[in-house]
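Step one of this worksheet: look at the structure below.
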Amino acid sequence: MFVERHGRGLEVFFALHGWGGDRRTFAPLAPFVPEGVSLYAADLPGCGDSPRPNAWAVGCVVDEIVWAVRATGAGRVSLLGNCGGAVFALLAARELKGVVERVSLIDPFAYLPRYFRLFNAGEFGRRAYDATFANPFGRWLTNQSLRGRRAGAADLTASFAEVDHEAARRYLKLYDEVGTVEIFRGFGAPVEIVYGERTFGAVKRSLKLWREVLPQARVRELKGAGHQPFVEAPERLAEFVFGAGARKRVTV
């Protein structure tokens, strides 16, 4: 996995992006990384500059994440997962017993919504995906239709102009294969969840499921933000992730 580091501190945060994204999802947080902190932003296998996994299986992807986290050399790590990356952060955390300080979930889905599951439906699903995400006009039309789920000039489909579309389709199948979030019941590490006020209804409905299986979770809403709080409310999100010490650095 290709990993980009922001900051040089000993306190380590390891970040996993969501569906259709890459490590650049976390770039807006870079100016807010406090002194004493390092933020490692990873490209999931098959995304960005990371090669595809050895096999398109949930376990293979998790193994690569675990290896990449251990490669930081940190004794303790906080995991950060956005959107679909939240599930992989939790799966990796289960394998990293004694290493994970806490897990922060950013606008996480607890299940694969029906409108995404449609893209897994054989040849019809492939054609529907191509029309929606692999086509410039389809991306524009989709982003326009999601005005209520984003703030300002945020573009919910821009990243799909550069993705490996086969990998993106494969990840939809992996999310479906993970199954119910019941697999995380009994997970003991501290968990934090933040979601945008204007995000998808499926994310908001997911909150009940997350609270049921992760009763220790601390939940916070970002007022005015949608499904992309990294670009819509980076400073407030940075305070949630890093704490009150997150302040934008001034470059002279």
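Details
- Two-decimal log10 I(q)/I(0) for the range 117-173, as the Debye equation yields it once each C-alpha is a single scatterer, q = 0.12, 0.25, 0.26 Å⁻¹: -0.28, -1.04, -1.08
- Projecting label points 7 angstrom from Cα along Cα→Cβ for residue 27 and residue 220 puts them 2.5 nm apart.
- When the chain is treated as a Gaussian network with alpha carbon springs shorter than 10 Å, the biggest mean-square fluctuation among 192, 177, 232 belongs to 177.
- Tensor-based shape of the range 1-128 (alpha-carbon gyration tensor, a/c under 1.5 rounded, otherwise prolate or oblate): prolate
- Among the DSSP helices (H) of the chain, those spanning at least 15 angstrom by Cα along their long axis with an average Kyte-Doolittle hydropathy of 1.0 or more are 58-71, 85-95; this is a geometric and hydropathy rule only.
- Between the listed residues 190, 10, 201, the Cα displaced farthest toward the positive end of the dipole of the chain, a dipole computed from Cβ unit charges relative to the Cα centre, is found at 201.
- Overall shape: prolate for the range 181-228, with the ratio a/c of the largest to smallest alpha carbon gyration tensor axis at 1.5 or above and a/b above b/c.
- Gyration tensor (alpha-carbon) shape descriptor, the chain, a/c threshold 1.5: rounded
Each reported figure results from applying straightforward, stated rules to the coordinates on display, with no laboratory input. None of these values were measured; they are calculated from a predicted model. Neighbour counts run over all protein chains shown; Cβ positions are idealised from the backbone, glycine included.
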